[in-house]
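A short worksheet on the structure shown next.
The values are calculated or read from the model by the stated rules, or taken from the named source; none is laboratory data. Computed from a prediction, not measured in an experiment: that's the story for all the values here. Please note: Cβ atoms are built from the backbone with ideal geometry, for glycine as well, and neighbour counts cover all protein chains shown.
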Amino acid sequence: MPLVIAIDGPAASGKGTLARRLAQHYGLPHLDTGLLYRSVALTMLDAGFSLDDTDAAARAAETLIADRLADPRLRERAMGEAASRISSVPAVRAALLAWQRSFAGNAVGAVLDGRDIGTVICPDARVKLFVTASAEERARRRHLELTARGEDTTLAMILADVRARDERDANRSAAPLKAAEDAVILDTTELDAEAAFAAAKHVVDGAR
Ligand code: C5P
């Protein structure tokens, strides 16, 4: 039976790092689904469309090009903000749903991380984790990450971003961020990456 691991959680909760480590450990392909939304936003901005143009957003999602997912600009702070805005468009979510399901449906299984993987994309995933941490801790981590990449930001700016994104992601009507009823909640506020991995591995091994 393919092993599908669905990982959801708010921005900078540590779910990406955890997803990569689990994928490597279990030999599974990994999809960071935030990159799909970031890629739609980047395509629109490059083509000169306003992020409020929902038709253009839907077209960009329908014609998503896999090669674009490696563009380093996708990781920039502004792209996270832009992705969060277009991700509330139902037609964008519908177009990306098929893409994600086909990734998850391969023979061995897969690890997907995002906001609605356990609730909408892979409701039958064998393992569902909801990774969270306090907003202050998430802002601290994201600030370190962006600074290391050479972006000039302050902790206060990042904390404001994190809060604004939490608010938008949790309150949108299309697939809001929430833990699936059968998800295991993993609070990483006090855990480093190693401890979070050990806790998640324990959950996955128990479900195999
Ligand atoms: O995870 P990441 O920060 O890259 O996601 C960027 C934005 O894309 C999120 O703030 C969220 O609005 C959106 N997103 C989503 N559903 C997903 C993954 C990301 O709505 N599965």
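Being without any contact (Cβ under 8 Å) to a residue 40 or more places away in the chain and at positive phi is the filter here, so list the residues in the range 121-179 that pass it.
Across the range 121-179, the qualifying residue is only Gly150.
Condition (residue is in contact with a His (Cβ under 8 Å, 6 or more places away or on another chain), farther than 15 Å from Ser87 by Cβ and aliphatic (A, V, I, L, M)) applied to the range 35-57: is it met by at least one residue?
No, that holds for no residue.
Evaluate the following for Ala83: is it more than 10 Å from the ligand (Cβ to nearest atom) and either within 13 Å of the chain's Cα centre (by Cα) or among the aliphatic types (A, V, I, L, M) (or both)?
no
Give the range 85-117 a look and list any residue that's crowded, with 17+ Cβ neighbours inside 10 Å and among the small types (Gly, Ala, Ser), or say none.
Ser87, Ser88, Ala95, Ala104, Gly109, Ala110, Gly114
Filter the range 30-72 down to the residues that are outside any helix (DSSP H, G or I) and either within 16 Å of the ligand (Cβ to nearest atom) or charged (D, E, K, R) (or both) and list them by number.
Correct list: His30, Leu31, Asp32, Thr33, Leu51, Asp52, Asp53, Leu64, Asp71.
For the range 103-140, which residues satisfy the criterion of being assigned to a helix (DSSP H, G or I) and either over 16 Å from Gly34 (Cα atoms) or basic (Lys, Arg) (or both)?
Across the range 103-140, the qualifying residues are Ala135, Glu136, Glu137, Arg138, Ala139, Arg140.
Have a look at Ala6, Ala57 and point out the one that is more than 18 Å from Lys201 (Cβ to Cβ) and modelled with pLDDT of 95 or more.
Criteria check complete, one pass: Ala57.
Can you tell me how many residues in the range 1-29 are within 15 Å of the ligand (Cβ to nearest atom) and of a type in the set (Ser, Thr, Tyr)?
2
Could you please let me know if Gly80 is outside any loop (DSSP other than H, G, I, E, B), under 21 Å from Phe197 (Cβ atoms) and out of contact with any helix residue (DSSP H, G or I) (no Cβ under 6 Å at 6 or more places or on another chain)?
no
Confirm whether Arg73 is surrounded by fewer than 20 Cβ atoms within 10 Å (Cβ to Cβ) and in contact with a Leu (Cβ under 9 Å, 6 or more places away or on another chain).
yes
The rows are residues; the columns are (1) more than 17 Å from the chain's Cα centre (by Cα); (2) modelled with pLDDT of 95 or more; (3) under 25 Å from Gly80 (Cα atoms).
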| site | (1), (2), (3) |
| --- | --- |
| Ala107 | yes, no, no |
| Ala110 | no, yes, yes |
| Ala125 | no, yes, no |
| Ala139 | no, yes, yes |
| Arg165 | no, no, yes |
| Arg168 | no, no, yes |
| Arg172 | no, no, yes |
| Asp182 | yes, yes, no |
| Asp205 | yes, yes, no |
